[in-house]
Structures are given as structure tokens and as C-alpha cells.
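Readers should treat all values here as calculations from the given coordinates under stated rules, not as data from a laboratory. The structure presented is a predicted model; accordingly, all values stated were derived computationally and were not measured. In this analysis, Cβ positions are derived from the backbone assuming ideal geometry, glycine residues included, and neighbour counts consider all displayed protein chains.
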Amino acid sequence: MEKRKRTIGYMFMIPSLLILLLVLAFPLVHAFYLSLFNVRFFGGRIITSFVGLENYLAVLRSESWWRSFINTVYFVLADITVGMFLGFISALALNRRLKFKSFIIAAILLPYVLPPIVHALIWKWAFNADYGFINQTLLRFGIIKQNIYWLTDSRLVLWALILANLWQGTAFATIIYLGGMKSIPDELYEAARMDGATRMQQVMYITLPLLKPFTQLLLVMKTILTFKLFELIYAVTGGGPAGRTRVVSYEIYRTAFESYKFGQATAMSYILLGIVAIIVLLYRKFLATEAGEE
């Protein structure tokens, strides 16, 4: 009887497994297959020639790839340090009784619900040297004497985009941390107050330890999402000036749809997948060890 029930259960799983195979496994396998070929278009036809691992070696030898990778690392580090810290502070403030709390939460979370392309266009306007609100505000308060060319100055443009990305990344961290703080029982804080614990001690010894699963989630999610960053770069700078803001996702797009090197672009995708997978596994190993898990 048990065997029959198990068999029926497996049969119900077959449609879901087939859909997963179609939408997940097949594209992955096909992309890996393409990465082993030199793919060209000629006379309306697709011509492929087997090159083995040459596409992977070409990517690893590419100075442009490594420059894009380092730029991406700057975005990731900023998002998982500054973004998570600001998100934690914002969540702490919002977890208290405040006037107009709903309005404040809506204002802080607005960047997260904006479509990525809208978010990018807002910052493109904000950083405009002639009529952007950042220059206009700084000029009005006398902080600067002349317009700053945020998006064309190679010394400033990467930091300007990192700031723009933090605007959305901080909102995401705030949502996760605020949800985590709501799950902590008030009785723990009341007991701590009765024992004479200060507000800072309550944060250090109650809030932070109990938010550890949410911090782990944020580390993984922010790493994956920031390595996929594309719309902001595409809409605001197009990777310029002179490749200064090019990130790996934009480099893959440029290789595939501007240079028409589809095999090399898929090899880049697989290298990126491998790097992100290793980072996530390191997070898991490090954080599991910290928690005393094996």
C-alpha cells in the first residue's frame, strides 16, 4: 500500500519535473554546448565550429573581462557592507513607534519597488551635469562652485553608480531586517530592560544574534543580485567612459550582441556562474561553522 502511494506521488511529480527540465536544465546544457563552439552568422545561417575550451581561455586572458569583474566586485562590496549597514540602521529606526511611520516606510521602500530601468533613468537625470538635482543642490548651498561631470569624469563615475545602486540595495536590506525584527518577541527586550540593559546592549546581545539568519540571506541574495547588475549600467553610462563602469553582465551583453561572439559570451556566463557559486558556498561554509553546524 505504501509503495503504491509512493508511486502515485512520483507520478504527480512528473509534470513539474518536465517543466523544470524544459525551462532550467535544457537552457543550461544548451548554453554550455554553445560555449564550446565558435558561433557565427553568415548569409542568414548560423555557422558553428568546435573550439573546445578556447572560449574559456580567451575570457580568462581578456583584460576587459577582468576589469569588468573588478568593477563588479566594487559594487558587491559596497552593497554588502554599506548597504546592509544602512539597511540595519533604517530597520532599527522603523521598528520603533514613530509618527507618520507608514509614510516613512513607504518612502524608504520606494526604490525597491521601482522597475530597474526607471531607477536607472532617475539617477541618470540626477547626475546630469547641467540640470541634475545633485549639482543644482550643491551649487545652491555653495558646496561647489561649478558643475561636476559625474558621468563623464572617469574618477567619479564608478562611485556615482555605486551610490545609485546603494539607493535600491539599502531599501532591500531594510525590508529583510525589518521583517526579522518583527519576529523577535517583545518579552526578550522587556526582560533585558528589567535587568538594566541599555538600548545598545539590547541591540548587541538580542537583535543582532537573532537576525543572523536574515544577515546570511542578505549576503547570498545581495551577492547574486549585484553580480547580475545590468540595467543601471546600460541606461546611465553604457559602460563608459572608456569602459570605466563596465561590469560583467554588461561585458557579456556587449560580447554577444555587439561583437557577435556568442560562444565566448556563454563561456563568460559560465565563468560568472562558477565564481558566484564558489562565493555562496564559502558563505555557507563560513557561516555554518560560525553557527556550530557541519
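What the table below lists for this structure:
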quantity	calculated
Magnitude of the charge dipole, region 161-294, Cβ model with Lys/Arg +1 and Asp/Glu -1, debye to 20	520 debye
Cα centroid separation, region 204-255 to region 97-152 (Å)	19 Å
Charge dipole magnitude, Cβ of K and R +1, D and E -1 - region 1-128, Cα centre, debye nearest 20	580 debye
Per-residue [θ]222 nm for the chain (sum of -39500 (n - 2.57) over DSSP H runs n ≥ 4, rounded to 500)	-21000 deg cm²/dmol
Axial C-alpha extent at least 24 Å, average Kyte-Doolittle at least 0.0 - helices from the chain (DSSP)	2-20, 157-182, 262-290
Global geometry of region 101-252, whether rounded, prolate or oblate, following the gyration tensor of its Cα atoms and the 1.5 cut on a/c	prolate
Principal axis box of region 150-193, alpha-carbon based, largest edge first, Å	55, 18, 8
Total charge dipole magnitude, region 57-187, about the Cα centre, Cβ charges on Lys, Arg, Asp, Glu only, Debye to nearest 20	280 debye
Within a Gaussian network of the chain (alpha carbon springs, distance under 10 Å), most fluctuating of 111, 213, 27	27
Dipole of region 116-239, positive direction: furthest Cα of 151, 206, 224, with charges on the beta-carbon	151
Region 91-168: trypsin sites (Lys or Arg not before Pro) in DSSP loop, at most 16 other beta carbons within 10 Å	96, 97, 99, 145, 155
Shape call, region 222-280: gyration tensor on alpha carbons, a/c limit 1.5	oblate
Global geometry of the chain, whether rounded, prolate or oblate, following the gyration tensor of its Cα atoms and the 1.5 cut on a/c	oblate
Added length on full extension, which subtracts the Cα-Cα distance from 0.36 nm per residue, residue 259 to residue 193	17.4 nm
